[in-house]
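To start, the structure under review is shown below, and the notes come after it.
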Amino acid sequence: MSRMIELRGLSKSFGETSVLRDISFDIDKGEVMSIIGPSGSGKSTMLRIITQLEKADDGTLTVDGDRLFESHDGAAVYNKANERRVGLKTGLVFQSFNLFPHFSVLRNVTEAQRAVLKRSRDEAEAKAMALLAKMGLEDKAKMYPWQLSGGQQQRVSIARALAMDPAILFFDEPTSALDPELTREILHVIRALAEEKMTMAVVTHEMNFARAISDRAVFMDGGVIVEEGVEIFTDPKEERTRKFISSFESDG
Amino acid sequence: MAPLLLQMLEGTVTSLQIFFLTLLFSLPLGFVVAKGKMTSIRPVRWITDLYIQIMRGTPLILQLIFFYFAPFYLLGLSYDRFTACIVAFVVNYSAYFAEIYRTGLQAVPRGQWEAGKVLGFSRAYTFFHIILPQVVKTIMPSLGNEVITLVKDTALAQTIGVSELFRVAQTASSREFSTVPIFIAGLFYFVMNYIVSRLFALAEKKLDYYR
């Protein structure tokens, strides 16, 4: 199986505050990795570095064979020539959706296909409609984001990300802004993508869901990976992991 | 009566010239100033801030006088009053528009920039296609206020001898010992601003399709 993500020794500080220390993991093609941990543990920052919304301080990252940055004398040196290519391979679904409010649902999904991938209008719209249908939203194409529920908005944003044919899709707490019922909608969609062998990494607090879909899992706390492997859900070795996992058990 | 109205229409043309030329230059320049105020380069930010403070903190009438006389006293060169008037208006209004733009830019959530970046848009593309339309919607009401003020402010151009509508009315008024021309001028301003506010109401309504 070939590597999608190979991350080594990632570190990041904001000013004096160290938010990530020596993070390493791999994700293979077709795998789903879940990233769990208390808030402030650096999970989101890690996704934001891989999707180039933040810069790494140190470490080495290879995405689908392309080196994005490499550790040199304790600092991450970016490979400028690969930034765009890696960017097109990585998609990100935000906690707060970040749909474009002035565009219709359809245009939210076609805009980047046309502007970035230079697809024709017909091609982009056909792709968008197919994805919206898959999300159960084909009848919402002409609507505007404000006319949709949170769950529907998040499904549009997933369609928007998938329309770019990313090699790997990241989810940054995709259900944290949603109530339980809408959360189920989104989890259902992610699960369906997992069954299609879409490569994904999901930051989530939905433990049952994470356990059900994950091929890999990491538990982060205080900017480090405390423990990894899918056993963390069922048989955590570390005290911190155990405490964290058990705090969700009352949720059923 | 007829020659008076003709003169006043001529004055109105001058007022409208000031109005449109000011908008033509200060609307885009305001963006440059707003960027200066929001930059991380400190000296640029300080200078921009000082400029905005001066423009907002001193009377426009004084600025008109300054821009008309300063080049002569400082550099020994003179230019025509109309040009001086446009320069003063543009410099003044750019500062006000900059503050409006800044509020509008800050009102757009950072996530909009981030979504654009993650989808592969260039910064310029994100700005023009994603951010700017939302800024325009947010600032439309304050922009409308400012543009209405501009219509009335054009009357200040007479300070440096530009024959705009109000100066024509005042001259006629003292010539004919009558306040009628002044009130006619008032009606003219009212009509112009009625049109301006209708246009802005229309624009706001057009942008009402999203939230």
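Reported value for region A:3-251: 128 Å³ per residue, from the convex hull of its C-alpha atoms. Computed over neighbours whose Cβ is under 14 Å from that of A:Leu99, the net charge equals +3, Lys and Arg +1, Asp and Glu -1.
Our summary gives chain A a relative contact order of 25 percent, counting only alpha carbon pairs under 8 angstrom and 6 or more residues apart.
Only protein heavy atoms count here; on that basis, with a 1.4 Å probe, B:Thr179 has an accessible area of about 90 Å². Against the criterion of solvent-accessible heavy-atom surface with a 1.4 angstrom probe, A:Ser34, A:Ser11 sort, most first, into A:Ser11, A:Ser34.
Ordering B:Leu60, B:Gly111, B:Gln7 by Cα displacement along the dipole of region B:1-149 toward the positive end leaves B:Gly111 in first place; charges were set at the Cβ atoms of Lys, Arg (+1) and Asp, Glu (-1). Rolling a 1.4 Å probe over the protein heavy atoms leaves A:Lys197 with an accessible area of roughly 130 Å². Pairs with C-alpha atoms separated by more than 31 Å, drawn from the list A:Lys118/B:Lys37; A:Lys12/A:Lys89; A:Lys89/B:Lys205; A:Lys118/A:Lys140; A:Lys142/B:Lys152; A:Lys12/A:Lys243, are A:Lys118/B:Lys37; A:Lys89/B:Lys205; A:Lys142/B:Lys152.
Students sometimes get this wrong: rank B:Tyr125, B:Tyr93 by accessible area, probe 1.4 Å, all chains present, largest first.
If we order B:Tyr125, B:Tyr93 from most to least accessible, we get B:Tyr125, B:Tyr93.
Here the sum of -39500 (n - 2.57) over DSSP H runs of 4 or more residues, divided by the residues of chain B, equals -27000 deg cm²/dmol at 222 nm, to the nearest 500. Cross-link pairs exceeding 23 Å between alpha carbons, from the set A:Lys55/A:Lys134; A:Lys55/B:Lys117; A:Lys80/A:Lys197: A:Lys55/A:Lys134; A:Lys80/A:Lys197.
Dividing the summed -39500 (n - 2.57) terms of all DSSP H runs of n ≥ 4 by the residue count of chain A sets its mean residue ellipticity at 222 nm at -10500 deg cm²/dmol. At the residue level, A:Met46 shows approximately 0 square angstrom of accessible surface with a 1.4 angstrom probe and all protein chains present. Ranked from largest to smallest solvent-accessible area, with a 1.4 Å probe on the protein heavy atoms, B:Trp46, A:Trp146 come out as B:Trp46, A:Trp146.
Once the other residues with Cβ under 11 Å from the Cβ of A:Arg155 are scored (Lys, Arg +1; Asp, Glu -1), what is the net sum? Could you put the intermediate results ahead of the total?
Working: positive: A:Lys134, A:Lys140, A:Arg160; negative: A:Glu185.
Local net charge: +2.
The modelled label-to-label distance between A:Phe14 and B:Val44, using points 7 Å beyond Cα along the C-beta direction, is 2.4 nm.
Listed by chain and number, the lysines whose alpha-carbon sits under 24 Å from that of A:Lys237, ignoring those within fewer than 8 places in the same chain, are A:Lys43. Within the listed set B:Ile100, B:Ile18, B:Ile195, the residue fluctuating most in the Gaussian network model of chain B (springs between alpha-carbon atoms under 10 angstrom) is B:Ile195. Net length available on complete extension from A:Asp215 to A:Glu83 is 44.8 nm, with 0.36 nm assigned per residue and the Cα-Cα distance removed. For region A:113-217, the dipole from Cβ point charges (+1 on Lys and Arg, -1 on Asp and Glu) about the Cα centre works out to 340 debye, to the nearest 20.
Residues with beta-carbon under 11 Å from that of A:Ser34, excluding A:Ser34: net charge, scoring Lys, Arg +1 and Asp, Glu -1?
On the way: positive: A:Lys43, A:Arg211, A:Arg216; negative: A:Glu31, A:Glu206, A:Asp215, A:Glu228.
Local net charge: -1.
The values are calculated or read from the model by the stated rules, or taken from the named source; none is laboratory data. The model shown is predicted, which means the values in this text are computed figures rather than measured ones. As a convention, Cβ positions derive from the backbone with ideal geometry for all residues, glycine included, and neighbour counts pool all protein chains shown. Side chains included, ligands, DNA and RNA excluded: accessible areas come from the protein's heavy atoms. Shrake-Rupley method; radii C 1.70, N 1.55, O 1.52, S 1.80 Å.
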